[in-house]
Amino acid sequence: MKLLFIGDVTGKPGLSYLEEILPELVARECPDLVVANGENVGPNGRGITPALAETLYDAGVEILTLGNHVWDQREVTTLLNCDDRVVRPANFHPSVPGKGYTICKVGKQDVAIVNLIGRTFMGLYDCPFTAADRILKEISEVTPFCFVDFHAEATSEKLAMGWYLAGRVSAVIGTHTHVQSSDERILPGGTAYLTDVGMTGPYDGILGVKKELIIGRFLDSRPVRFELADGPCQFSAVVIDLDDHGKAKSITRIHEVQPSS
Ligand SMILES: [Fe+2]
């Protein structure tokens, strides 16, 4: 089974480039399931709405994962309450809307998609490692096919999660830093791992934001309102091939940059 996971789709530019590139990529790679992190698809890279989720589904995405920007758009509550194709981090407080994993059918096979969020340089969340143990108990009764999007900042925390879940899940792929790492590997026990898949959005900014704003903030330490950068976009993704037992056979990074017009 081939799984295509697309990194943090950022704003309208990221969405437009995904719409442009995904049909050709799907025709070439023939993935059985397409998952994307959609926590930055909203205006100025913040959050997601039901309408934007529909646009991503129309473009070919089947399951959406989220992250720290989940609450930035008020309408997200409807999405989290009503749409089984959307998961938010499983280690949020149990009282908040939504769920931390979903199980979808790919042909006759059940596949679990899990979302976790890190705590190092991130925020106050429940322990992602304990949350993983808790939900893997439930998932392992249903399917050995389990994909984890670990939305986190620190490479150490992401590697720790990779090794903690090695042999217990099909893949642990990092999101959030918006910079694709090149450390893809198959961990012992058949777990595909990549510290960060990177972003799908503006290429000439800083993590998608206009570079002048971020440089200015570093220079004078004043807060600024983020605006997405103009210019060409990048598309970042990973293709993971799983055997019949849900073990990873291969992991391949994809990073394409839109030609400048
Ligand atoms: Fe994030």
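See the values below:
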quantity	calculated
Lone unmet requirement of (1) part of a strand (DSSP E or B); (2) more than 16 Å from the ligand (Cβ to nearest atom); (3) touching a Phe, Trp or Tyr at 6+ places or on another chain (Cβ under 7 Å) for Tyr193	(3)
Filter result for Asp183 (of a type in the set (D, E, K, R), under 20 Å from the mean Cα position of the chain (by Cα) and crowded, with 19+ Cβ neighbours inside 10 Å)	no
Residue count for region 45-92, restricted to those that are within 16 Å of the ligand (Cβ to nearest atom) and touching a Pro at 6+ places or on another chain (Cβ under 6 Å)	1
Tally, over region 40-75, of residues that are out of contact with any helix residue (DSSP H, G or I) (no Cβ under 9 Å at 6 or more places or on another chain) and within 20 Å of Gly174 (Cβ to Cβ)	4
Number of the condition not met by Leu25 [criteria: (1) farther than 19 Å from His255 by Cα; (2) in a helix (DSSP H, G or I)]	(1)
Output for region 119-157, where each listed residue is over 24 Å from Val239 (Cβ atoms) and within 16 Å of the ligand (Cβ to nearest atom)	Arg119, Thr120, Phe121, Met122, Gly123, Leu124, Tyr125, Pro128, Glu153, Ala154, Glu157
First in region 164-176 and within 11 Å of Phe147 (Cβ to Cβ) and at pLDDT 95 or above, second anywhere and within 16 Å of the ligand (Cβ to nearest atom) and part of a loop (DSSP other than H, G, I, E, B), Cβ under 6 Å, 6 or more apart	Ile173/Val197
Odd one out for Ile48 among (1) β-branched (Val, Ile, Thr); (2) free of Cβ contacts under 8 Å to residues at least 40 places away in the same chain; (3) part of a helix (DSSP H, G or I); (4) farther than 25 Å from Gly246 by Cβ	(3)
Any chance Thr175 is under 27 Å from Ala27 (Cβ atoms), among the hydroxyl-bearing types (Ser, Thr, Tyr) and away from the ligand (no atom under 16 Å from the Cβ)	no
Residues of region 1-43 satisfying the condition of being among the small types (Gly, Ala, Ser) and more than 14 Å from the ligand (Cβ to nearest atom)	Ser16, Ala27
Members of region 104-121 found to be touching a strand residue (DSSP E or B) at 6+ places or on another chain (Cβ under 8 Å) and hydrophobic (A, V, I, L, M, F, W, C), listed by number	Cys104, Val106, Val111, Ala112, Ile113, Val114, Leu116, Ile117
All positions within region 214-241 that are among the aliphatic types (A, V, I, L, M) and buried (at least 16 other Cβ atoms within 10 Å of the Cβ)	Ile214, Leu228, Ala229, Ala237, Val238, Val239, Ile240
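The values are calculated or read from the model by the stated rules, or taken from the named source; none is laboratory data. Bear in mind that the values here come from a model prediction, so they are computed numbers and not experimental data. Using ideal geometry, Cβ is built from the backbone for each residue, glycine included, and neighbour counts are taken over all protein chains shown.
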